[in-house]
Amino acid sequence: MTIAFDPPPADKASLEEGVSFTPKFDQNGLITAIVTDHRDNALLMVGHMNAEALALTLETRVAHYFSRSRGKIWKKGETSGNLQHVVEILTDCDQDALQLRVKVSGHDATCHTGRRSCFYRSVTLTDGSPKLSVVDDHKHFEPDAVYQR
């Protein structure tokens, strides 16, 4: 099954209040996907999808993304076993961003560093310079044991 997405409607009311899902991809053919845990809405990661990744996600209910650094589709968790099973997909008012509410299998961790979330560091201003500090140092798995590097 191949999913074809229609272009956004010309009028704002149809876009914001209509029932047609017409994702607005950027100039690179990507849409931002914010990923949260279905249980507590904890922010897990931010990724990007092209039309193919979004179609695969809709069809399989397992999250697929487009890797900008590798230039290809990847199924999140395919190597680590921490697949993201999609519970719900939400879109914002102008359909240029998505929220995926997911149930993570395996170690219940999303970040390739072994942590639950990719957002494990806090940014603070110290003596006029931005610094990072780790706010979640708990690793659910050891990356070197999971990934072939």
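Exactly one residue out of GLY47, GLY29 is outside any loop (DSSP other than H, G, I, E, B) and either over 25 Å from ARG116 (Cβ atoms) or in contact (Cβ under 8 Å) with a residue 24 or more places away in the chain (or both), and it is GLY47. PRO23 satisfies every condition listed in (1) out of contact with any strand residue (DSSP E or B) (no Cβ under 9 Å at 6 or more places or on another chain); (2) more than 28 Å from SER122 (Cα to Cα); (3) touching a residue at least 60 places away in the same chain (Cβ under 8 Å) except (1).
Residue count for segment 74-91, restricted to those that are modelled with pLDDT of 95 or more and among the hydroxyl-bearing types (Ser, Thr, Tyr): 1. When segment 127-149 is filtered for residues that are surrounded by 10 or more Cβ atoms within 10 Å (Cβ to Cβ) and farther than 21 Å from LEU44 by Cα, only LYS131 remains. Filter segment 80-89 down to residues that are closer than 16 Å to ASP108 by Cβ and either among the hydrophobic types (A, V, I, L, M, F, W, C) or in contact with a helix residue (DSSP H, G or I) (Cβ under 7 Å, 6 or more places away or on another chain) (or both), then give me how many there are. Adding up the residues that qualify gives 4.
Only residues that are surrounded by 18 or more Cβ atoms within 10 Å (Cβ to Cβ) and out of contact with any helix residue (DSSP H, G or I) (no Cβ under 7 Å at 6 or more places or on another chain) were counted across segment 8-30, and they come to 1.
With respect to (1) within 16 Å of the chain's Cα centre (by Cα); (2) closer than 16 Å to ALA42 by Cβ; (3) crowded, with 17+ Cβ neighbours inside 10 Å, the lone exception for HIS107 is condition (1). Only residues that are within 25 Å of ARG39 (Cα to Cα), among the aliphatic types (A, V, I, L, M) and over 11 Å from the mean Cα position of the chain (by Cα): list them for segment 63-86, please. Answer for segment 63-86, where residues must be within 25 Å of ARG39 (Cα to Cα), among the aliphatic types (A, V, I, L, M) and over 11 Å from the mean Cα position of the chain (by Cα): just LEU83. For segment 31-49, a residue qualifies if it is surrounded by fewer than 17 Cβ atoms within 10 Å (Cβ to Cβ) and touching a Leu at 6+ places or on another chain (Cβ under 8 Å), and the qualifying residues are THR32, ILE34. When restricted to residues that are out of contact with any strand residue (DSSP E or B) (no Cβ under 8 Å at 6 or more places or on another chain) and crowded, with 17+ Cβ neighbours inside 10 Å, segment 52-62 contains 1.
The values are calculated or read from the model by the stated rules, or taken from the named source; none is laboratory data. Since the structure is predicted, the reported quantities are computational estimates derived from the model, not experimental observations. Using ideal geometry, Cβ is built from the backbone for each residue, glycine included, and neighbour counts are taken over all protein chains shown.
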